[in-house]
Ligand code: GTR
């Protein structure tokens, strides 16, 4: 009995010893695993950790641009995107899709309005269909110089127009330069108002632009920008109207050699965000986006001035026929725009007086 008791005792001790060893081993393994993980984490540099966080949290937005990669507005879009990423410390990235990759301007504007595209840079021309009061900042001959236009856009008047875009579901972020627009065609030089008669001109898809060409006695054809080159080439239209950089980079100067510097319009370019999309962005980040947009404006103006001079030199060199309008002819052009003003300026008389006072 004593023997049996001793045996049980030995067995019990051995079992206890064995279980103890096993427990010890388990503890050690767990601790080792923890330590290895800790070491591994510590070994990751701070930068790597940030990158991991960034990858998980960055929101990537799309910006639609009609012009090619090296056009002044595209360069400014890219600068805007860079500033947004910098200011939001990588929380927001914007990918710029240039050269109409996301569609023609009017369709893009529609998509921004219902939140399918996040940002775009467009001309105010087609925007007047979405926000008719913008006609005021694009009326023919409303500014007497680029400086005058910038005084207006940089004033409270410009800020109010940007803010007013919210009622049509856009967030107006900044103005960019679009220079002065003039007529070009493949038929004849335009030296006076009468020379426009009977000519068919493509216009941006907007009632204001249609009314303008009609008021001048010519025939307007609203059309997407991307269709203009082949339409002139195949004589569906005789010409169009635009600034030096667009006349150049669209290659319209190759098919419409007569360019008349009548400078009938100064239509600002505008950088827009989708209000629907921006509702998901924090207030703090939206403020940073607005700040970045405003900062990109000066950059765009510099790039614009460079490109305007470069395109003019290139086209003159190419031998296109460039006509300067006489002061008298310019007066005739301006006077012919009276019905356009009557229709599109109605109700905005006070703002127009304020715009004119800034000359
Ligand atoms: C350009 C403008 C474009 C586009 C184009 C057009 O001057 O930068 O955004 O509006 O004109 O005539 O369609």
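The values are calculated or read from the model by the stated rules, or taken from the named source; none is laboratory data. The structure presented is a predicted model; accordingly, all values stated were derived computationally and were not measured. Cβ atoms come from the backbone with ideal geometry, glycine included; neighbour counts cover every protein chain shown.
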**Request:** Please tell me if residue 115 is away from the ligand (no atom under 14 Å from the Cβ) and part of a loop (DSSP other than H, G, I, E, B).
**Result:** yes
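On the given criteria, is residue 72 farther than 21 Å from residue 296 by Cα, touching a residue at least 60 places away in the same chain (Cβ under 8 Å) and buried (at least 20 other Cβ atoms within 10 Å of the Cβ)?
Values: farther than 21 Å from residue 296 by Cα: no; touching a residue at least 60 places away in the same chain (Cβ under 8 Å): yes; buried (at least 20 other Cβ atoms within 10 Å of the Cβ): yes.
No.
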**Message:** Quick check on segment 131-148. Is at least one of its residues under 16 Å from residue 274 (Cα atoms) and surrounded by fewer than 20 Cβ atoms within 10 Å (Cβ to Cβ)?
**Reply:** no
**Asked** Does residue 303 satisfy the criteria of being closer than 30 Å to residue 115 by Cβ and in a helix (DSSP H, G or I)?
**Response** yes
**Request:** Could you run through segment 231-249 and say how many residues are within 14 Å of residue 308 (Cα to Cα) and near the ligand (Cβ under 8 Å from one of its atoms)?
**Result:** 4
**Prompt:** Which condition number in (1) within 16 Å of the ligand (Cβ to nearest atom); (2) without any contact (Cβ under 8 Å) to a residue 60 or more places away in the chain; (3) touching a helix residue (DSSP H, G or I) at 6+ places or on another chain (Cβ under 8 Å) is the one that residue 168 fails?
**Reply:** (1)
**Request:** Examine segment 274-295 for a residue that is within 16 Å of the ligand (Cβ to nearest atom) and touching a strand residue (DSSP E or B) at 6+ places or on another chain (Cβ under 7 Å), and state whether such a residue exists.
**Result:** no
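Specify which of the listed residues (259, 247) is part of a strand (DSSP E or B) and either on the phi > 0 side of the Ramachandran plot or surrounded by 20 or more Cβ atoms within 10 Å (Cβ to Cβ) (or both).
Numbers: 247 fails: part of a strand (DSSP E or B).
Of 259, 247, the one residue that is part of a strand (DSSP E or B) and either on the phi > 0 side of the Ramachandran plot or surrounded by 20 or more Cβ atoms within 10 Å (Cβ to Cβ) (or both) is 259.
Is at least one residue of segment 79-101 modelled with pLDDT of 95 or more, part of a helix (DSSP H, G or I), touching a helix residue (DSSP H, G or I) at 6+ places or on another chain (Cβ under 7 Å) and within 14 Å of the ligand (Cβ to nearest atom)? Before the answer, list the steps.
Residues of segment 79-101 modelled with pLDDT of 95 or more: 79-101.
From what is left, the residues that are part of a helix (DSSP H, G or I) are 79-87.
Among the residues that remain, those that are also touching a helix residue (DSSP H, G or I) at 6+ places or on another chain (Cβ under 7 Å) are: 79-80, 83-84, 87.
Now restrict to residues that are within 14 Å of the ligand (Cβ to nearest atom): none.
So far as segment 79-101 goes, no, none of its residues is modelled with pLDDT of 95 or more, part of a helix (DSSP H, G or I), touching a helix residue (DSSP H, G or I) at 6+ places or on another chain (Cβ under 7 Å) and within 14 Å of the ligand (Cβ to nearest atom).
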**Complete:** Those residues of segment 189-214 that are touching a helix residue (DSSP H, G or I) at 6+ places or on another chain (Cβ under 7 Å) and farther than 17 Å from residue 247 by Cβ come to a total of 8
